[in-house]
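K.L.:
Take a look at the following structure, please.
No value in this document is a laboratory result; all are computed from the given coordinates. Since this is a predicted model, take the numbers as computed values, not measurements. A quick note on method: Cβ atoms are made from the backbone with ideal geometry, for glycine too, and the neighbour counts reach across all protein chains shown.
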Amino acid sequence: MRYEGLDELIRDAMQEERAEARELLDGMERTVTVHLASHPAPRSWWRRWGEMLLGPRPAARFAVAGAMTAALLIGFAAGRVWLPSGVPMLETGGTLFAVAAPRAEFVAVMGDFSAWQPIPLEDREGSGMWTAALELPPGRYEYAFLVDGRWVGQDPVADEYVRSFGEFASVRYVKGDT
């Protein structure tokens, strides 16, 4: 069953809607443009912070720069005095592998020296510092840590890093006795 003239009625209704919308939109572009021009662009948080901190006087800029420099120097000095220095040297020889994992239950090191089979590390003091000393002949070794089943391939004390199959591995060079 087809209604004669249905297409014409739909076309007429659409033309009426477009005419009404055109009347509403005619002045809108100008209204929006005037509104946007009357409001200045907001300053970035960085600029507002700088203006608040430094103020309009140049002397304030030098005072802030001096205070920041003093804070950095005090921070570096405090870090050298109160923070522990790196991994201790081994008296018995061997290559020390250490990782900080305070909440871990199982930590291991694995690498091409073990055919990528995990070698468990120990946390003797319960401090969260897991260590193992391995006797390795001189050479280049790729390795990673396994912390509660999670791959940790970027050791901060590594000589370099490599990326294979989407994962990082650390590289350590073991030197002979000199």
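K.L.:
Restricting to Cα pairs below 8 Å that are 6+ residues apart, what does the relative contact order work out to for the range 95-174? Please round to a whole percent.
P.N.:
Rounded, it is 30 percent for the range 95-174.
K.L.:
Here's something else I'd like to know. Contour minus end-to-end for L72 and R47, with contour as 0.36 nm per residue of separation and end-to-end as the Cα-Cα distance?
P.N.:
Between L72 and R47, full extension yields an extra 6.8 nm.
K.L.:
Let me ask another. With θ taken as phi - 60° and the coefficients 6.51, -1.76 and 1.60, list the Karplus ³J(HN,Hα) couplings across the range 22-37 in order, rounded to whole Hz; mark glycine and proline as x.
P.N.:
Working through the residues one at a time gives 4, 5, 5, 8, 4, x, 5, 4, 5, 4, 5, 4, 5, 5, 5, 5 Hz.
K.L.:
Please list the non-local residues whose amide H lies under 5 Å from the amide H of L136, H modeled 1.01 Å from N, same-chain partners needing a gap of 5 or more.
P.N.:
Those lying under 5 Å, H to H, from L136 are T95.
K.L.:
Let me ask something else. Could you list F165, F106, F97, F113 so that the one with the fewest beta carbons within 10 Å of its beta carbon is first and the one with the most is last?
P.N.:
So the residues, fewest neighbours to most, are F165, F106, F113, F97.
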